[in-house]
Amino acid sequence: MSARRQPGPAPRHGLDRRAMVADALARLAPRVPDFESEAIVDRALASSGLRGAAPETAAWLAMVAYARHVFTEYDALLEDGYDQDSARHFILDDLNAVLGEWGVKRRISEEPDEA
């Protein structure tokens, strides 16, 4: 009698993607609070624009957007009539302060990233 190998459960890509984005976020922002981490990962997974992005890219972009909207006056500035670039200029220091508290080494600047 030969032992038959039982097939394992089918991979659950949604859960795998969540774990990969969460792991990337933990590397990028080692001190991000648990609640914020969950919200950031949720944002990354819900974004249609980030679905095909590498986990680290999705985590980075979701984290920056989350911090910008939740921990700065960005939305209030937009409501007051500032354009996105101006609003981002005015909240840059606050945004970098939040990222720094979370242990993020990279800083946001007004200069475009070089390829």
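The values are calculated or read from the model by the stated rules, or taken from the named source; none is laboratory data. None of these values were measured; they are calculated from a predicted model. Cβ sites come from the backbone with ideal geometry, for glycine too, and all protein chains shown count toward neighbours. Please note that ligands, DNA and RNA were not included when accessible areas were found on the heavy atoms of the full protein model with its side chains. Shrake-Rupley method; radii C 1.70, N 1.55, O 1.52, S 1.80 Å.
The table below lists the values:
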quantity	calculated
Members of region 54-111 found to be touching a residue at least 60 places away in the same chain (Cβ under 8 Å) and open to solvent by less than 80 Å² (accessible area, probe 1.4 Å), listed by number	L99, W102, G103, V104
From the options R43, R18, R27, residue that is modelled with pLDDT of 95 or more and touching a Phe, Trp or Tyr at 6+ places or on another chain (Cβ under 9 Å)	R43
Qualifying positions in region 34-53 - touching a residue at least 24 places away in the same chain (Cβ under 8 Å) and not acidic (D, E)	A39, I40, L45
Selected residue (criterion: farthest from the chain's Cα centre (by Cα)) from residues of region 79-109 that are farther than 24 Å from E56 by Cα and outside any loop (DSSP other than H, G, I, E, B)	E79
